[in-house]
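To start, the structure under review is shown below, and the notes come after it.
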Amino acid sequence: MSLPVTILIHMGWIASFKAKRADKAATNEYNRLHEIWQEDVQSLTKLITVFTAASKGEDSVPNTLMQQKGEHTLWSATGIFHETGRTPSSYVGGSTGVSIPVGGGIRFRVGAMKGQIVPGIELQVDKDQGVVMLTTERLIFTGPIKTQEWNFDKLLQLSTNEDESDYFISVSNRQKTSGVRFAPATGREFNRFLGSATSAHEHGYAEVIAELKKMEKEAVGAEPKLELPKTVQIESNPT
């Protein structure tokens, strides 16, 4: 038995609507993945260029640093410096002593204070905003208030958050954990440069450059493709 034409038209409209919605979702996902892929390929190309230059004794970032022998600049951006600190301490307690009326219902208490100081909560506190520079030997922050450096030879622990924007660094010559924070896109690029810099410091330029070129080749071949969902055709048969 054939379906009425009106029902077929209605079903066809619903199927078309669902197909368009599925196509739009697939296109949005493709655009998202392609943007990430493009960012990765561009980062790898930039990394190869910068570390090849360093292997030839060339800086990639203009600077006025007092550089160590064999040290070369790799990357630089604006960031926020933070360090372990505490919120202000608070006083908890009361007072004991004699209460003296001074008129108008107001009483003036004299005597000893009785209570205790409660230390503030320990947390990472933003201290300054300035320039973050990465070299083949260290990471450096320079701002109007604070200057800090982290030598690769003294690194104990290095971690970041989920979106790779915030970095926490522990070194052997300081008790406080400190670090830097960037905008997310800048943080992702910094993560790749920092990982490559510490690896080059430990294993040498040749090994890192070879690995980067291998990754670039694999990334180029893994470009996302737009695949739209298959739509179901509804054929009308009014007879």
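The values are calculated or read from the model by the stated rules, or taken from the named source; none is laboratory data. All figures in this text were calculated on a predicted structure; none of them were measured in a lab. Glycine also receives a Cβ, built like all others from the backbone with ideal geometry; neighbour counts cover every protein chain displayed. Side chains are part of the model used for accessible areas, which takes the heavy atoms of the whole protein and leaves out ligands, DNA and RNA. Shrake-Rupley method; radii C 1.70, N 1.55, O 1.52, S 1.80 Å.
The residue that is surrounded by the fewest Cβ atoms within 10 Å (Cβ to Cβ), among those in the stretch 39-63 that are acidic (Asp, Glu) and under 16 Å from Phe190 (Cβ atoms), is Glu39. Scanning the stretch 174-196 for residues that are farther than 22 Å from Leu47 by Cβ, among the polar types (S, T, N, Q) and touching a Lys or Arg at 6+ places or on another chain (Cβ under 7 Å) turns up nothing. The set of residues from the stretch 122-143 being in contact with a Ser or Thr (Cβ under 9 Å, 6 or more places away or on another chain) and within 14 Å of His72 (Cα to Cα) comprises Met133, Leu134, Thr135, Thr136, Ile140. Scanning the stretch 199-211 for residues that are of a type in the set (Gly, Ala, Ser) and assigned to a helix (DSSP H, G or I) yields Ser199, Ala200, Ala206, Ala210. Is it fair to say Ala206 is more than 24 Å from the chain's Cα centre (by Cα), modelled with pLDDT of 90 or more and either within 17 Å of Met133 (Cα to Cα) or of a type in the set (A, V, I, L, M) (or both)? Spelling it out, Ala206 is indeed more than 24 Å from the chain's Cα centre (by Cα), modelled with pLDDT of 90 or more and either within 17 Å of Met133 (Cα to Cα) or of a type in the set (A, V, I, L, M) (or both).
In the stretch 112-137, which residues are modelled with pLDDT of 95 or more and open to solvent by 60 Å² or more (accessible area, probe 1.4 Å)? First the steps, then the outcome.
First pass over the stretch 112-137, keeping only residues modelled with pLDDT of 95 or more: 128-137.
Across the stretch 112-137, the qualifying residues are Gln129, Val131.
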